[in-house]
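Everything below concerns the one structure shown next.
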């Protein structure tokens, strides 16, 4: 049997503060119906001031280790909202979790970051670089969103999810069976924060408002997301030797319910096999797929070993998909206080 990486632990962390559509409608000249119809979102979670992406990542990562009953020897942190521009957030996260001096790095692939992290983790395991990589998707997107922009402020939320992997066989529950990644830099301006990098540093506070915050061309992104995720999902289905009718669980990046439904429709995946939590937590970017996995697993909605497809699309443009057997794990959820406790210990 072929060796691969197997998901053996699953963790999550969501801020306690829930923000409903009604709360946003009052200041954004919109309505609950407008938001639900266009996005499928009813509410989202937001951090309290002073809580960082690293705090959420520590809590979710520690939860995944508790779920697995094992430690990690490599940390991959997928995020668009690192604690600082320099250095990466992953090394501090690994230290705060209590992993010591393990290798750790940030993965910057926006909403596709967690899928990229999974693919990299599998490669590290099969190459013998590490034995138990921890892949975390964590975001405080509210730190980069213009709160007065109706087009983005209603979509995004904060949160973190994580998985621990180990070496195993492709026949096992949780085993990654096939992967696909891609990018197209011609669309780099479709999803971006224009200023703040080396191209446009904005020293002395000189950046205008629209260059400081996250911007997205929603109409162009919709078409690209549907096409790229559909094609990528078909690629991993072919590699895994599965037909669309064999897929028992489809979990896409929780960006927009209409996008998710369009991709599943194109693939021929039935309604009962589509899983997600966008209505409750919004778009949490790199955290969305592991949070959806944890939520679905906590409810026991999918039998271990079920053929599963994960797919994501985000800025870059970057996209990717993974075909795996649904894991046989009990997810653990920690709140942000766990991160502060870990740091203190």
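Here, each number is a calculation from the coordinates, and none is a lab measurement. Remember, predicted model here, so these are calculated numbers, not experimental data. For neighbour counting, all protein chains shown are included, and Cβ atoms are generated from backbone atoms with ideal geometry for every residue, glycine included.
Taking 0.36 nm per residue of separation and subtracting the Cα-Cα distance, full extension of the segment from residue 301 to residue 101 would add 68.3 nm.
Distance between the C-alpha centres of the stretch 84-153 and the stretch 174-193: 15 Å, rounded to the whole angstrom.
In this simple spin-label model, placing a label point 7 Å from the Cα along the Cα-to-Cβ direction at both residue 146 and residue 123 gives a separation of 3.6 nm. Taking the DSSP bridge list for the chain and keeping only pairs wholly inside it, about 70 percent are antiparallel.
The value obtained for the stretch 176-325, namely the Cα convex hull volume divided by the number of residues, is 121 Å³ per residue. Of 27, 228, the sequence from fewest to most neighbouring Cβ atoms within 10 angstrom is 27, 228.
For Rg and Dmax of the Cα atoms in Å, one of [x] 21.2, 86; [y] 18.7, 59; [z] 20.7, 63 was computed from the structure I shared and the rest are decoys. Which label? Label of the calculated value: [y].
Residue ranges 141-153, 28-40, 248-260 sort as 248-260, 141-153, 28-40 when ordered by packing (mean number of other C-beta atoms within 10 Å per residue, highest first). Length gained on full extension, residue 198 to residue 335, computed as 0.36 nm times the residue gap minus the Cα-Cα distance: 45.8 nm. The modelled label-to-label distance between residue 131 and residue 84, using points 7 Å beyond Cα along the C-beta direction, is 3.3 nm.
If R0 equals 41 Å, the separation of the Cβ atoms of residue 18 and residue 186 corresponds to a calculated FRET efficiency of about 0.60. Zone of residue 328 (label point 7 Å along Cα→Cβ, backbone N under 17 Å): which residues in the stretch 172-189? Under cut-off, by backbone N: 172-177. Between residue 211 and residue 266, residue separation times 0.36 nm minus the direct Cα-Cα distance comes to 16.2 nm. Suppose R0 equals 45 Å. What FRET efficiency, 1/(1 + (r/R0)^6) with r the Cβ-Cβ distance, do residue 29 and residue 231 give to the nearest 0.05? It comes out at approximately 0.75. Peptide packing for 101-113, 181-193, 163-175, 274-286 was compared via the average number of neighbouring C-beta atoms within 10 Å per residue; ordered from the highest value, the list is 274-286, 101-113, 163-175, 181-193.
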